[in-house]
Amino acid sequence: MTAALRGLSLCACLALAAFAPAADAFTANLNPGTRAIYLRVGDGVYTGSYTGNGTPGNGGGIDVVSVTVPAAAVGNGVDQVMTTTASSGVSNYDSYAFCNVPAQIYVGGFYRRTGSGGAATLTATVPAGLTNAQGETIAFSQISWTSSGNGDTGAQPIPAGTFQPGNQVLASFPINTWRESCHTFRYANDAVVGAGTYTGRVTYTLSAP
C-alpha cells in the first residue's frame, strides 16, 4: 500500500501490495486438499472462481488509495474518506459483487492443506510515516480503515483498524477457510502539514507455518 498526501490540497495515497452474500461476515469452509495459500488485496489475479474450480494467479497492479484535502481543511481533525484505484470488488470465492469500488478495497483469500489444526496469519508491514519531496512526514497512524461487505452483518474476519509502524497482525486465517472483507480507508487529518505529495507503502502478507 502506498500512501501519499498531496498539495495544499493534500493527497494521501495508499498503494496496496500483497505477497455470495452471507448472513454474517463472510467466511467459508473449504475441503482439505493440496497445500495452498492465496491472498488478494485490491485487484488480484484469479481465473474463474474458487467454487467454479478456478485458478488463483500471481500478480496484478498495486492499487492506490488517496484523498485530496482542501487547503482550508488541512489539520482540522475532520476525517477524510479516501478513494481507491481498484477496478473490481468481485469475490474470487463465488463471483459475488462483495465490495463497492472505487470506495473500497477487497482483502481476502484462503489457506488450505490436508489434516486439521493451524492457521495462516495476515500481516501488514507498515513504515513509520508518509514523506514528501521535502522530507516532511505524516505518521502512518493517521490512516485507518473500516471493514464491511455487501450483505454482511456481524464481526468482520479482517477487522477494522489503524495502521501502526512495523509488522502489524491484521487477522488469522484458520486452516481450510476462505475469509474476505472490504476496507474503506480514512485519513485522520489531525496535523497541519506542508504542501506536497506524501507517500508510503504498506505490504500485506499471508503466511503459514
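The values are calculated or read from the model by the stated rules, or taken from the named source; none is laboratory data. Not measured: the values here are computed from a predicted model. Cβ sites come from the backbone with ideal geometry, for glycine too, and all protein chains shown count toward neighbours. These area figures cover heavy atoms from the full protein model, side chains too; ligands, DNA and RNA do not enter into them. Shrake-Rupley method; radii C 1.70, N 1.55, O 1.52, S 1.80 Å.
Only one of these conditions is not met by Val78: (1) open to solvent by 60 Å² or more (accessible area, probe 1.4 Å); (2) over 30 Å from Ile138 (Cβ atoms). Which number is it? Status for Val78: all satisfied but (2). Considering segment 61-75, and only residues there that are outside any loop (DSSP other than H, G, I, E, B) and under 16 Å from the mean Cα position of the chain (by Cα), the residue that is surrounded by the most Cβ atoms within 10 Å (Cβ to Cβ) turns out to be Val65.
With respect to the conditions (1) among the β-branched types (Val, Ile, Thr); (2) closer than 23 Å to Ala103 by Cβ; (3) more than 14 Å from the chain's Cα centre (by Cα), Thr146 lacks only one, and its number is (3). Scanning segment 161-182 for residues that are surrounded by 15 or more Cβ atoms within 10 Å (Cβ to Cβ) and part of a loop (DSSP other than H, G, I, E, B) yields Phe163, Ile175, Asn176. Out of curiosity, is Tyr96 aromatic (Phe, Trp, Tyr) and open to solvent by 10 Å² or more (accessible area, probe 1.4 Å)? Criteria met by Tyr96. Residues of segment 183-200 that are open to solvent by 10 Å² or more (accessible area, probe 1.4 Å) and over 16 Å from the mean Cα position of the chain (by Cα): Ala188, Asp190, Ala191, Val192, Val193, Gly194, Ala195, Gly196, Thr197, Thr199. For segment 31-60, a tally of residues being part of a loop (DSSP other than H, G, I, E, B), surrounded by fewer than 18 Cβ atoms within 10 Å (Cβ to Cβ) and modelled with pLDDT of 85 or more returns 15.
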